[in-house]
Amino acid sequence: MLNAVAAALLTSTIIFPPGGAPNEVPPPDHITIDIVTVNGSGCPAGTAAVAVSEDNKAFTVTYSDYLAQVGVGAAPTDFRKNCQLNLRVNVPSGFTYGIAQSDYRGFAHLERGAYAIQKANYYFQGMSQNDPKQHRYNGPHSDDWQATDTTEIAAIVYHPCGEKRNFNINTELRVYPGTSNTSTTTSFISMDSTDGAINTTYRFSWLTCR
């Protein structure tokens, strides 16, 4: 087993810049991302889009129908919504990437006594998933929300050089009524946008491959 691991490392070496820090200079050629599969109640077909920043330092995911709710007008299953994205990141030869930071945004209306939870994790196909990180929001609340998950440099997981592994993103929204009166009120949390102004952002950490 150890010999196999050593052989894999020799055939796909990652080169760390001086000091061992990730290379902050992204590839000069613009990268592209293809959505391979989309699954989940929070992202029905055609409601999730991906775009790469012009400087290749990040990519964004925009949702247009991602909302969890409880109370008046909500179905029993609406309290939980999730989305699983399988992405193919087309990176120029000689480079590999990891995710250094993730920014999640949306809007929430939570009645007094209600609360919501946003949870997310991501991983490369065939590799171990990172631990899900979650954030809680308590009512009363009726405003935008934002959550940032940052990974320390030493803990960033990079795509293996020379291999084809898709990037998986799992997100979830939940709303719990708590002590609020669901017969007369509605509480919800969304991670969607109709005008593209609200999205989630994943910030790359780049490395050079041999």
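From the residues in region 179-210 that are in a strand (DSSP E or B) and open to solvent by 40 Å² or more (accessible area, probe 1.4 Å), which one is modelled with the lowest pLDDT?
Filtering region 179-210 for residues that are in a strand (DSSP E or B) and open to solvent by 40 Å² or more (accessible area, probe 1.4 Å), the one modelled with the lowest pLDDT comes out as Thr208.
Confirm whether Tyr104 is more than 30 Å from Ser180 (Cβ to Cβ), in contact (Cβ under 8 Å) with a residue 12 or more places away in the chain and open to solvent by less than 30 Å² (accessible area, probe 1.4 Å).
No; evaluated as a whole, the condition is false for this residue.
Would you say Arg112 is over 16 Å from the mean Cα position of the chain (by Cα) and in a strand (DSSP E or B)?
Values: over 16 Å from the mean Cα position of the chain (by Cα): yes; in a strand (DSSP E or B): no.
When the stated conditions are applied, Arg112 does not pass them.
Taking Asn56 as the residue in question, decide whether it is touching a strand residue (DSSP E or B) at 6+ places or on another chain (Cβ under 9 Å), of a type outside the set (Phe, Trp, Tyr) and at positive phi. It would help to see each step written out before you state the result.
Details: touching a strand residue (DSSP E or B) at 6+ places or on another chain (Cβ under 9 Å): yes; of a type outside the set (Phe, Trp, Tyr): yes; at positive phi: yes.
Yes.
Taking region 15-37, which residues are open to solvent by less than 50 Å² (accessible area, probe 1.4 Å) and either modelled with pLDDT of 90 or more or touching a strand residue (DSSP E or B) at 6+ places or on another chain (Cβ under 6 Å) (or both)?
Listed by number, the residues that qualify are Pro17, Pro22, Asn23, Pro26, Pro27, Ile31, Ile33.
Could you say whether any residue in region 131-148 is free of Cβ contacts under 8 Å to residues at least 12 places away in the same chain and either surrounded by fewer than 18 Cβ atoms within 10 Å (Cβ to Cβ) or assigned to a strand (DSSP E or B) (or both)? Explain how you work it out, then say what you get.
Within region 131-148, the first condition is being free of Cβ contacts under 8 Å to residues at least 12 places away in the same chain, and the residues that meet it are 131.
With either surrounded by fewer than 18 Cβ atoms within 10 Å (Cβ to Cβ) or assigned to a strand (DSSP E or B) (or both) added as a condition, the list becomes 131.
Yes; the residues of region 131-148 include at least one that is free of Cβ contacts under 8 Å to residues at least 12 places away in the same chain and either surrounded by fewer than 18 Cβ atoms within 10 Å (Cβ to Cβ) or assigned to a strand (DSSP E or B) (or both).
I need the full set of residues from region 42-94 which are touching a Pro at 6+ places or on another chain (Cβ under 7 Å), farther than 30 Å from Pro26 by Cα and surrounded by fewer than 20 Cβ atoms within 10 Å (Cβ to Cβ), in order please.
Asp65
Residue check: is Ala154 within 30 Å of Ile31 (Cβ to Cβ), small (Gly, Ala, Ser) and more than 14 Å from the chain's Cα centre (by Cα)?
yes
Which ones in region 149-158 are part of a strand (DSSP E or B) and free of Cβ contacts under 8 Å to residues at least 40 places away in the same chain?
Passing the criteria: none in range.
For residues in region 112-134 being modelled with pLDDT of 95 or more and touching a Phe, Trp or Tyr at 6+ places or on another chain (Cβ under 8 Å), which is farthest from Ala100 (Cα to Cα)?
Selected residue: Ala114.
The values are calculated or read from the model by the stated rules, or taken from the named source; none is laboratory data. Being a predicted model, the structure only gives us computed values, none of them experimental. Positions of Cβ are backbone-derived with ideal geometry, glycine not excepted, and every protein chain shown enters the neighbour counts. Ligands, DNA and RNA are stripped out before the accessible areas are found, and what is left, the full protein with its side chains, is counted by its heavy atoms. Shrake-Rupley method; radii C 1.70, N 1.55, O 1.52, S 1.80 Å.
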